[in-house]
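Accompanying notes for the structure given below.
Bear in mind that the values in this text are calculations on the coordinates, not laboratory data. This is a predicted model, so every value here is computed, not measured. Cβ: placed from backbone, ideal geometry, glycine included. Neighbour counts: every protein chain shown.
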Amino acid sequence: MARIWFLAGSLLGGIGVAAGAFGAHGLKAHFEANGQAANWETAVRYGLFHALVLLVVALASALPAPAVCRRRLWASGVCFLSGTLIFSGLLAILAFTGLKILGAVVPIGGVLLIAGWGWLFAAGLQLGSES
């Protein structure tokens, strides 16, 4: 389990840095012209934050923990990864294309990110316990 979240976090982190650089340099004029610079920046920022938290999930998953904690860590990782792909991914596509309908789906990713934090909290309650 730790390997999956470590690889996902590392990949999202790399994509986040590349997307940030691409948006700040290669697409800056495009985003400013269509008023989408803030959406691109938000997509990149949330992607990078949640790349880091996936690394935290990976590290926590490598610790000895009861089965209930492992299930909660798994749920948090799934929520963080899918939430990041939906929230940051669709927000980036919205910024790039201007398709306003995507703005209606982006909050689903946000809800998944919030759920991921909840699952991580629940896992933390069990982390380090014997049962």
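So that you can scan it fast, the table gives a plain yes or no per residue for (1) surrounded by fewer than 16 Cβ atoms within 10 Å (Cβ to Cβ); (2) closer than 25 Å to residue 32 by Cβ; (3) polar (S, T, N, Q):
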position: 52; (1), (2), (3): yes, no, no
position: 60; (1), (2), (3): no, no, no
position: 65; (1), (2), (3): no, no, no
position: 79; (1), (2), (3): no, no, no
position: 83; (1), (2), (3): no, no, no
position: 87; (1), (2), (3): no, yes, no
position: 98; (1), (2), (3): yes, yes, no
position: 112; (1), (2), (3): no, no, no
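Of the helices (runs of 4 or more DSSP H) lying entirely inside segment 28-131, those containing at least 3 residues that are within 23 Å of residue 13 (Cβ to Cβ) span 37-61, 67-97, 106-126.
For every residue, the table says whether it meets (1) hydrophobic (A, V, I, L, M, F, W, C); (2) closer than 26 Å to residue 3 by Cβ; (3) under 15 Å from the mean Cα position of the chain (by Cα).
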residue: 14; (1), (2), (3): no, yes, yes
residue: 50; (1), (2), (3): no, yes, yes
residue: 69; (1), (2), (3): yes, yes, no
residue: 90; (1), (2), (3): yes, no, yes
residue: 109; (1), (2), (3): no, yes, yes
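The residue list 74, 117, 40 contains one member that is closer than 16 Å to residue 16 by Cα and surrounded by 15 or more Cβ atoms within 10 Å (Cβ to Cβ), which is 40.
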